[in-house]
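Data block below; observations after.
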Amino acid sequence: MKLNIACVFAIVASSALIIGCSESASNPHSNPHSGGGDREENKLSEDSVTYEKEVHLSNMHQFTFGGDNAEAYWSFDSNSLVFQTSNPKGGIQCDQIFVMDVDADGTPSETPPRRVSNGLGRTTCAYYMPGDTTVVFASTHLGSEECPPVPERGVEGRYVWPIYTDFEIFETDLEGNVLNQLTDRPGYDAEATLSPQGDKMVFTSTRTGDLELFTCDLDGSNVFQVTNELGYDGGAFFSPDGEWLVWRSSRPKTEEDIKKYKDLLAKDLVEPTDMELFIGRVDGTEIRQVTQLGGANWAPYFHPDGDKILFSSNHHTGGFPFNIFMINLDGTELTQVTFDNAFDSFPMFSPDGKRLAFSSNRNNGRTRSTNVFVANWVE
């Protein structure tokens, strides 16, 4: 899901908050005052978008300005991004899908972003299909053309994320014409991403009564269940060779936590605040936990070499900020990559391995805006 910005989402537990594959119009995850009390704020470089400690990033450029913009994912040719945005001031009341071009030097194209969803309902988690002429994403528009309601906070003011049961996955062309409906089952179907080989899709669904991962062919056929343990399995991505998946998961263990999870899910809600990263083969074997950091660890993506994972986490703060980290598949050599004082997430490498796209609250004039950034990757 998203930042709720369902593939983001905003999550708050006590002092902790996070985002996943979908985002609420008010963007509750954003903290314009960032970092908290006594924490020393990091310093921006002269370009006003890169922090001095961000040694893995260079030639960074801001691609959106205002609103909530997140989950920017690359085309197969590394020349475009598809992302979701909401901006009530601009007439976009809840998330819709847009595409935008990236020039050869890594700067924004003069061609403005263009909407590819139909403007109805709420959308989330978009991804390019092979050939880069169509995209897939989830939408609620068949259930209602209006924006679905955002639930009130739960017990003790905790943030809850809605599992909109009207979400189905669609394929559209870049003019916004729906070409195919890829899922048609009761319950939540969303968070679709594709293998780099362009032969398989992974998505999250409640079709079995829990939030589990499934794979399928690109036409929606040959559905296969990957996970089957209680908890919210979601936000999955394929490894560069297409043989593995990485995802974030909650794993309630105590009787109290299990009851709480099931009671919320029965109301089509989750409170995904305690999440760790898992990897497993696409056939559901060799599943193992990568992180044991505590807090909210999510939005994972494989490094181009396939031996490391980038992800967003607040394990180091217990609240704000969320930053992007890198870790080996065996859970060793944890390295902080980004240093914004509020929020960095949704990292994705371009297929050519040269650039990293991500979303951040940096350089937003101390507003709640979340924007898309692109930088060259430096080893």
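So which strands (runs of 3 or more DSSP E) stay within the stretch 282-379 end to end and still have 3 or more residues that are under 20 Å from residue 128 (Cβ atoms)?
Because the criterion is at least 3 residues that are under 20 Å from residue 128 (Cβ atoms), the strands (runs of 3 or more DSSP E) in the stretch 282-379 that meet it are 297-302, 344-349, 355-360, 371-377.
Looking only at residues that are more than 21 Å from the chain's Cα centre (by Cα) and of a type in the set (Ser, Thr, Tyr) in the stretch 113-171, which one is farthest from residue 359 (Cα to Cα)?
144
Cβ contacts < 9 Å: first residue basic (Lys, Arg), restricted to the stretch 290-309; second residue in a strand (DSSP E or B), any location; separation 6+ or different chain. Result?
The qualifying pairs are 308/302; 308/326; 308/327; 308/328; 308/335.
Return the total of residues in the stretch 52-62 being part of a loop (DSSP other than H, G, I, E, B) and surrounded by 22 or more Cβ atoms within 10 Å (Cβ to Cβ).
1
Against the condition modelled with pLDDT under 95, within 19 Å of the chain's Cα centre (by Cα) and surrounded by fewer than 23 Cβ atoms within 10 Å (Cβ to Cβ), how does residue 4 come out, does it pass?
No.
So which residues in the stretch 116-132 are of a type outside the set (A, V, I, L, M, F, W, C) and surrounded by 16 or more Cβ atoms within 10 Å (Cβ to Cβ)?
Selection gives 117, 118, 121, 122, 123, 124, 127, 128, 132.
Residues checked against (1) out of contact with any helix residue (DSSP H, G or I) (no Cβ under 6 Å at 6 or more places or on another chain); (2) buried (at least 18 other Cβ atoms within 10 Å of the Cβ); (3) under 20 Å from residue 243 (Cα atoms):
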residue	(1), (2), (3)
293	yes, yes, no
297	yes, yes, no
303	yes, yes, yes
307	yes, no, yes
318	yes, no, no
325	yes, yes, no
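State the number of residues belonging to the stretch 238-254 that are in contact with a Leu (Cβ under 8 Å, 6 or more places away or on another chain) and either surrounded by fewer than 21 Cβ atoms within 10 Å (Cβ to Cβ) or in a loop (DSSP other than H, G, I, E, B) (or both).
Qualifying residue count for the region: 3.
For the structure I just gave you, tell me whether residue 273 is hydroxyl-bearing (Ser, Thr, Tyr) and out of contact with any Leu (no Cβ under 9 Å at 6 or more places or on another chain).
Judged against the criteria, residue 273 is not a match.
Over 22 Å from residue 356 (Cα atoms), buried (at least 23 other Cβ atoms within 10 Å of the Cβ) and acidic (Asp, Glu): which single residue out of 283, 257, 233 fits that description?
When all the criteria are applied, what remains is 233.
Show the residue pairs meeting these rules: Cβ distance below 9 Å; 6+ apart or different chains; first residue within the stretch 253-279 and more than 14 Å from residue 160 (Cβ to Cβ); second residue buried (at least 20 other Cβ atoms within 10 Å of the Cβ) and of a type in the set (Lys, Arg).
Pairs found: 275/248; 276/248; 277/248; 278/248.
Which of the residues belonging to the stretch 183-205 are of a type in the set (Gly, Ala, Ser) and in a strand (DSSP E or B)?
The answer is 190, 192, 205.
Of these, 227, 208, which one is over 18 Å from residue 138 (Cβ atoms), among the hydroxyl-bearing types (Ser, Thr, Tyr) and either part of a loop (DSSP other than H, G, I, E, B) or in contact with a Gly (Cβ under 9 Å, 6 or more places away or on another chain) (or both)?
Testing whether each residue is over 18 Å from residue 138 (Cβ atoms), among the hydroxyl-bearing types (Ser, Thr, Tyr) and either part of a loop (DSSP other than H, G, I, E, B) or in contact with a Gly (Cβ under 9 Å, 6 or more places away or on another chain) (or both) leaves just 227.
Here is a check on your reading of the model: is residue 267 under 16 Å from residue 56 (Cα atoms) and of a type in the set (Lys, Arg)?
Taking the combined requirement at face value, the residue does not satisfy it.
The values are calculated or read from the model by the stated rules, or taken from the named source; none is laboratory data. These numbers were taken from a predicted model, which means no experiment stands behind them. In this analysis, Cβ positions are derived from the backbone assuming ideal geometry, glycine residues included, and neighbour counts consider all displayed protein chains.
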